[in-house]
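Colleague: Sharing a structure here in structure tokens format.
Read the figures in this text as sums done on the coordinates, not as results from a lab. What you see is a predicted model, and the numbers here were worked out from it, not measured in a lab. All Cβ positions, glycine included, derive from the backbone under ideal geometry; neighbour counts span all protein chains shown.
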Amino acid sequence: MKFGVTVTNAINPNITAAGQADYVNKLTLAVEQCGLDSVWVADRTFFPIDIMERHPEMFSPHHSKPDSQNLLESVTTLSYTAALTKRVLIGFSVLCLPFRHPLLNSKMLNTIDVLSNGRLQLGVGTGWMPEEFDAMGVDYKLRGKLTDEYLELYKATCDDSTPEFQGEHASISGKIFFPNSIQKPHPPIWIGGITDAALKRTAKFGDYWNAFKVTPDDVSERLDKLANICDSMGRDASTIKASTTINMDLTERQYEDGNRVMMTGTNQEVIGDIKRFEDSGLDYMIVSVTAPDTKDTTRYIYEFADKIAALV
């Protein structure tokens, strides 16, 4: 099992721009220094003022404030983490592709891969908030089709200086594209989501399947489904690794329906949870660290690396 840490996320205790800048700096350097594998950023552009009333199903108690969705822009932030680091992988968990211009976004992603000397991990998702799509002027109903086309186009730009791609919503022909990615044939693609559609997208495009809000039983069931989809598409399912992005709270146990929430509580309890995820088929875990402030979050990253990840 390998581990990464999100350095922007919805449990960030700092809601000011300056506070988030400090958070990104200190968490990124902590992950680089403590020996964990990667740093990750989340993606959010705009959201409605009454997000809690509109989307209560998307939030657990520690996501209970509307300003929890205030995030620094993800591509810009990931480029900054690339400059702060030399060793760790850097990735999106996850980047919402459908409302980003596919050619400009592809150029930005390849630029990050070049500047980081081939460390980019492209985690992508289709998005879930209709109001965000409205703000960006994109049809929410087309998000799946747009994601697939934009991934096809991105792959074409990674290894060919004159890429050719013709889709219904995106195309390029007869033009120079610079730069190509360092990683060949392209940076690893991590497909976010747990629906059957996400699994089909994983089978078609993914090097990793990246789940969210799942239990070990969910992972086992979804990986069985993914294997069946891969068989039907002629792909070897063993070529796809499984990951999850999950909240971790070492400060206290959390409970839902009288049961302890996984990845909360003592170090030994969290180690046990990780082993259950590993037994279910998980290869990688990206943690969002719950803590009251940046200083404590940084401290828990070191504790996680030394007393949990090193023992699994």
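Colleague: May I ask for the distance between the Cα centers of region 1-25 and region 269-298, given as a whole number of Å?
Modeller: Cα centroid of region 1-25 versus Cα centroid of region 269-298: 15 Å apart.
Colleague: Can you give the FRET efficiency to the nearest 0.05 for ASP231 and ASN14, using r as the Cβ-Cβ distance and R₀ = 41 Å?
Modeller: The value I calculate is 0.35.
Colleague: Defining a contact as two alpha carbons under 8 Å apart and six or more residues distant in sequence, what relative contact order in percent does the chain show?
Modeller: 19 percent
Colleague: Could I have the simple spin-label model distance between GLU168 and LYS86, label points 7 Å from Cα toward Cβ, reported in nm to one decimal?
Modeller: So the two model labels end up 4.9 nm from each other.
Colleague: I would also like to ask the following. Go ahead and set up a Gaussian network model of the chain, Cα springs under 10 Å, then flag whichever of ASP273, ASP296, ASP113 fluctuates most.
Modeller: Of ASP273, ASP296, ASP113, the Gaussian network model singles out ASP296 as fluctuating most.
Colleague: Rounded to two decimals, what is the ratio between the C-alpha radius of gyration of the chain and 2.2 N^0.38 Å?
Modeller: Dividing the Cα radius of gyration by 2.2 N^0.38 Å gives 0.97.
Colleague: What does the charge dipole of region 2-311 about its Cα centre add up to, to the nearest 20 debye, if the Cβ of each Lys and Arg holds +1 and the Cβ of each Asp and Glu holds -1?
Modeller: My answer is approximately 700 debye.
Colleague: Determine which residues of region 173-189 fall in the zone a paramagnetic label at ASP160 would reach in this model, i.e. backbone nitrogen under 15 Å from the point 7 Å along Cα→Cβ.
Modeller: Taking a point 7 Å out along Cα→Cβ of ASP160, the residues of region 173-189 whose backbone N falls under 15 Å are 173-178, 180-181, 185-186.
Colleague: Going down the table (LYS2/LYS307; LYS141/LYS184; LYS86/LYS184), which pairs top 22 Å between alpha carbons?
Modeller: Where the Cα-Cα span goes over 22 Å, the pairs concerned are LYS141/LYS184.
Colleague: Charges on Cβ only, +1 for Lys and Arg, -1 for Asp and Glu, centred on the Cα centroid of the chain; of THR290, LEU226, GLY206, which one is farthest towards the dipole's positive end?
Modeller: GLY206
Colleague: Running a GNM on the chain with Cα contacts under 10 Å, which residue among ASP159, ASP50, ASP37 ends up with the highest mean-square fluctuation?
Modeller: Evaluated over the chain, the most mobile residue of the options is ASP50.
Colleague: Given the -39500 (n - 2.57) contribution per DSSP H run of 4+ residues, what per-residue ellipticity at 222 nm results for the chain, rounded to the nearest 500 deg cm²/dmol?
Modeller: After summing the helix terms and dividing by the residues of the chain, the value is -12500 deg cm²/dmol.
Colleague: Hey, another quick one. At R0 = 41 Å, how high is the FRET efficiency between GLU252 and HIS101 if r is their beta carbon distance? Nearest 0.05 is fine.
Modeller: Computed FRET efficiency for GLU252 and HIS101: 0.40.
Colleague: Let me ask something additional. Taking R0 as 22 Å, what's the FRET efficiency between ILE182 and LYS141 from their Cβ-Cβ distance, rounded to 0.05?
Modeller: In this case the efficiency is close to 0.05.
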